[in-house]
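Take a look at the structure below.
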Amino acid sequence: VAQDRRGTGASFGTQTGFVTREDLRDAKAVIEWAARQEFSTGAVGAMGCSNQGVWQYGVAALRPTGLKAIAPACASPAFFDDAVTLNGVPMFELRKAPYDGTCPEAGSSGPAGPARPVDSDADGALLREAIATRGCTAPMLGQYWLNMPRDGWNAFGVYRPAIEDSPITGWREIRDSGIAILQLGGWFDAPVAGQFPGQALWGGRVIRGPWVD
C-alpha cells in the first residue's frame with residue numbers, strides 16, 4: 001500500500017511540514033485499514049527512506065492495530081536535532097516566516113510530481129478536485145520558524161513542532177509498542193546521530209554501511 005501524504009499527490013488536505021502529527025494519524029488510519037482487508041493477514045510492516053522513514057518511528061508510538069515491524073531508512077527519530085539543526089547550527093535555509101495558512105507563491109498547492117488516481121477514481125475527477133481545493137502546501141520545513149530553537153512555539157499550529165513532531169519524544173511508547181524495528185542507513189547520512197541513541201532506548205537492529213542515502 002502506497003500513501004500520498006495529505007496535501008500531496010492525489011490526497012486532499014494541506015501539508016504543513018516534514019512530518020507532522022496529522023501525518024502520523026493518517027498513517028495509523030491507513031495501516032489499520034490495510035490490516036482489516038480481505039487480502040491481508042492482519043500483520044503490517046512499514047518501510048521507506050527519509051520522510052517515509054521518520055513517520056514510521058512516530059506512528060509506532062501510536063501503536064496501530066496490525067503494525068508488527070518498521071524499517072526506517074536514511075531517517076532519524078530525532079529529526080530536528082540531526083537534520084534541521086546540528087549543535088544549534090541550522091542545516092537548511094529556512095524561510096523568514098513559519099507556515100501560517102497562506103500561499104505566498106502562486107501554484108504552490110500543486111502536487112510535487114505526477115499523481116495517479118486511485119482505483120476508485122477511474123476518470124481522475126477526485127484527483128482534480130483534490131488539487132483544486134486543498135489550499136496551500138507549506139515548504140518542507142514549514143512548521144519551523146527561521147532558526148527556531150527546539151522548544152520553539154508555532155503560533156499558527158499552536159504547538160511546539162520540534163518537540164511534539166520529533167519521534168524521539170515518544171521513545172517510551174515506541175519501546176513499549178512491541179513493534180520490531182530495523183534501522184537502515186549510511187555513515188554519511190544525517191540520521192547517524194539519531195539512530196544509535198534510538199536503538200539504545202528501544203532496542204531493535206541497525207544496519208549501517210559506507211553508502212549515502
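The values are calculated or read from the model by the stated rules, or taken from the named source; none is laboratory data. This one's a predicted model, so the numbers in the text were calculated from it and none came from an experiment. Cβ placement follows ideal geometry from the backbone for every residue including glycine, while neighbour counts extend to all protein chains displayed. We work out accessible area using only protein heavy atoms, side chains counted, and drop any ligands, DNA or RNA first. Shrake-Rupley method; radii C 1.70, N 1.55, O 1.52, S 1.80 Å.
A cut-off of 5 Å between modelled amide H atoms, ignoring neighbours fewer than 5 places along the same chain, links M47 with A71.
For the chain, a Gaussian network of Cα nodes joined below 10 Å ranks G157, G185, G124 by mean-square fluctuation, and the top entry is G124.
Within the listed set E164, E22, E38, the residue fluctuating most in the Gaussian network model of the chain (springs between alpha-carbon atoms under 10 angstrom) is E38.
Solvent exposure of the chain, expressed per residue, is 53 Å² of accessible area, with all protein chains present and a 1.4 angstrom probe. Solvent-accessible area of region 134-180 (1.4 angstrom probe, protein heavy atoms only): carbon and sulfur portion equals 58 percent. The computed semi-axes √(5λ) of the Cα gyration tensor in Å for the structure shown corresponds, within (1) 26, 24, 15; (2) 57, 18, 15; (3) 28, 20, 18, to (1). Most tightly packed first, judged by the mean number of other beta-carbon atoms within 10 Å of their residues, the peptides 26-32, 125-131, 52-58 read 52-58, 26-32, 125-131.
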